[in-house]
Amino acid sequence: MLIAAASGRALAASARRAGYVPLVADNFGDQDTLAAAAGHVRVDFARPIDGDILIAALQTLANGCDCAGIVCGSGFEDRADLLTNIGKRWPLLGNSPETVACVKDPFRFAATCHAANIPHPETSLVPPIDVTGWLAKRIGGAGGWHIRPAHDSKKRGKDIYFQRRVDGEPVSALLLCDGRSVLVLGLSAQWAAPTARHPFRYGGAVRPASLANGVKQALIAAMERFNSVVPLVGLNSADFVVDGDAFQLLEINPRPGATFDLFEPEGTSLFALHLDACAGTLPKKVPSYRAAMAGAIVYTERDIAAAPALDWPQWTADRPVASSRIQAEQPLCSVLARGATALEAKQLVEQRRAMVHTLLAAGVS
């Protein structure tokens, strides 16, 4: 099974649990990915992806193998054309390029929300006269890196749009879709890891999100209405802002997303559920999860010329290969934690994030 994503580790590990042999092209080539993958090629997923280089890398991985298809994760949000070219060579196991283009176009997405009667922030292609309370975003951006207050954004161009900022807490819904129906696997609360340059950079998430049952049902109903207008397949995620009983849908990520680790079920794998859903089959019920779980990204605070060979704790993931060069403010690894409650899991994952910084400081001193 071919896997292409900015970070392919979670998909590769889940594919192994599903009985597949993963062949991975991703941006990091970390220790965990290399351990799970039968073959790996490191590809620069910085925008824009060089499509020729990526397809050549995938062809190198696929040579001599009987590939069932390819699962594409993050990194293709603004490259439906590249997905089309990939789909000419291997079966695309996920949303079609047409669906990705529709969902990630901010104005077609806003029109879909309107048609489905889903609250959605006001969106504009041109900067408003008064930019107070507005955000500047890049079409196809991911991970919050591309979002800035509109008054602080110097970027202008056809790939930049503006969206009114809304109050509330960020909540993500993990969706499993078969082209007809939607099964919400769970809801997670998210938080940012801001820097001066990237105030909305993704920090982490915890499941379950603490929401009133009425709000949960309203979010689920919204996703069912959205899917009736634009049918989705496989794993997707929907990002909301929830303020009391009110909510607004910010975006849909039409591929496996950042909370993958939090919802990996016991006894099966999300990868297997994704493939079954792409083939038109949803499970009869949502997998059960025994404990709350949180995951967070550990970012470097300064340039690291050569990552040390650390004795990584078992609760870390995405561990860099020793001697890797990592730029300041870039991902170093991920940390995971379970707890009896969401609050306990989040507190523990934040403690572990701090522990990794301590471990790293000792290793590079």
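In segment 248-327, taking the dipole from charged Cβ atoms about the Cα centre, the farthest positive-side position among CYS278, PRO256, ALA296 is held by CYS278.
About its Cα centre, the chain has a charge dipole of approximately 80 debye under the convention of +1 per Lys or Arg Cβ and -1 per Asp or Glu Cβ, with nothing else charged.
Computed from the C-beta positions of ALA361 and ALA111 and an R0 of 41 Å, the FRET efficiency is 0.25 to the nearest 0.05. Rounded if a/c is under 1.5, else prolate if a/b is larger than b/c, else oblate: which is segment 22-62, with a ≥ b ≥ c the root eigenvalues of its Cα gyration tensor? In terms of gyration-tensor shape, oblate. In a DSSP loop and with at most 12 other Cβ atoms within 10 Å, the trypsin sites (Lys or Arg not before Pro) in segment 317-365 are ARG325. You can think of it this way: the chain between ALA246 and ARG164 has 27.9 nm of extra reach, that is 0.36 nm per residue less the Cα-Cα gap. Measuring between alpha carbons in the structure, the pairs from LYS285/LYS346; LYS137/LYS346; LYS158/LYS285; LYS88/LYS158; LYS104/LYS285 lying more than 31 angstrom apart are LYS158/LYS285.
Let me test this: with uniform point scatterers at the alpha carbons of segment 1-145, what is the Debye-based log₁₀ I(q)/I(0) at q = 0.12 1/Å? Computed log10 I(q)/I(0) values: -0.57. Calculated accessible area for segment 300-355 comes out at 56 Å² per residue, all protein chains present (probe 1.4 Å; ligands, DNA, RNA ignored). Shape annotation for segment 63-145: C-alpha extents along the principal axes are 58, 28, 17 Å, from largest to smallest.
In the chain, the DSSP beta bridges split such that about 85 percent are antiparallel, to the nearest 5.
Taking the protein heavy atoms of segment 63-126 in the context of the full set of protein chains, the accessible area attributed to carbon and sulfur is 51 percent at 1.4 Å. Judged by the ratio a/c of the largest to the smallest principal axis of the C-alpha gyration tensor, segment 97-150 counts as oblate, that ratio being 1.5 or greater while a/b is no larger than b/c. Taking a sphere under 15 Å around the Cβ of SER269 and counting the other residues whose Cβ falls inside, with K and R at +1 and D and E at -1, yields a net charge of -1. In a reduced charge model with +1 at each Lys and Arg Cβ and -1 at each Asp and Glu Cβ, segment 131-242 shows a dipole moment near 540 debye about its Cα centre. Which shape class applies to segment 155-267: rounded if a/c is under 1.5, otherwise prolate when a/b exceeds b/c and oblate if not, where a ≥ b ≥ c are the square roots of the Cα gyration tensor eigenvalues? Because its axes are fairly even, with a/c under 1.5, segment 155-267 counts as rounded. Reported to the nearest whole Å, the Cα centre-to-centre distance from segment 150-221 to segment 28-52 is 26. Taken along the Cα-to-beta-carbon direction at a fixed 7 Å, the label points for SER181 and VAL321 span 4.4 nm. Segment VAL229..CYS65, full-extension length gain: 55.3 nm, with 0.36 nm per residue of separation and the alpha-carbon distance subtracted.
In this label model, ILE129 and SER288 are separated by 5.9 nm, measuring between points 7 Å along each Cα→Cβ vector.
The values are calculated or read from the model by the stated rules, or taken from the named source; none is laboratory data. In this text, all values refer to a predicted model and were calculated from it rather than measured experimentally. Methodologically, a virtual Cβ is constructed for each residue, glycine included, from the backbone with ideal geometry; neighbour enumeration extends over all protein chains shown. Note: areas computed on protein heavy atoms with side chains; ligands, DNA, RNA excluded. Shrake-Rupley method; radii C 1.70, N 1.55, O 1.52, S 1.80 Å.
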